[in-house]
Amino acid sequence: PVAASTGGSIPEIVGNAAVLFDPRDTEALLQSMKRLLDPFVADRLRKTAAERIQLFNWDRVAAQTLEVYRKTAHT
């Protein structure tokens, strides 16, 4: 289970597989970490993360990159 910052592209990457917090808010970080101690939350995040990680693999990246190149070449 992960607590992750809402800064940058992190929320886009983790999706709903992490507890998010504002990096400028120490209380929000503390609350996020406390949520991770809840067995139900931790279990849900583990399952969600296992599903989410399937979206990120080199074959998929290569196929998406190739598609961008193909679209760009035809414009």
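Bear in mind these aren't lab numbers, they're just calculated from the coordinates by the rules spelled out. Just so we're clear, the structure is a prediction, and the values are computed from it rather than from any experiment. So basically every Cβ, Gly included, is an ideal-geometry build from the backbone, and we count neighbours across all protein chains shown.
On C-alpha positions alone, give me the angle between the axis of helix 39-52 and the longest principal axis of the chain, in degrees, nearest 10.
It is inclined by approximately 10 degrees.
Considering the dipole of the chain built from charges on the beta carbon (Lys and Arg +1, Asp and Glu -1) around the Cα centre, which of Met33, Val61, Pro1 is farthest to its positive end?
Towards the positive end, the residue furthest out is Val61.
Are there any chymotrypsin sites (Phe, Trp or Tyr not before Pro) in region 40-75 that are in a DSSP loop and have at most 15 other Cβ atoms within 10 Å? List them by number. If you can, show how the numbers build up before the last one.
Details: sites: Phe40, Phe56, Trp58, Tyr69; in loops: Phe56.
Those that pass, being in a loop and sparsely packed, are Phe56.
I need the shape label for region 4-47. Rule: rounded when a/c is under 1.5, else prolate if a/b > b/c, else oblate, with a, b, c from the alpha carbon gyration tensor.
oblate
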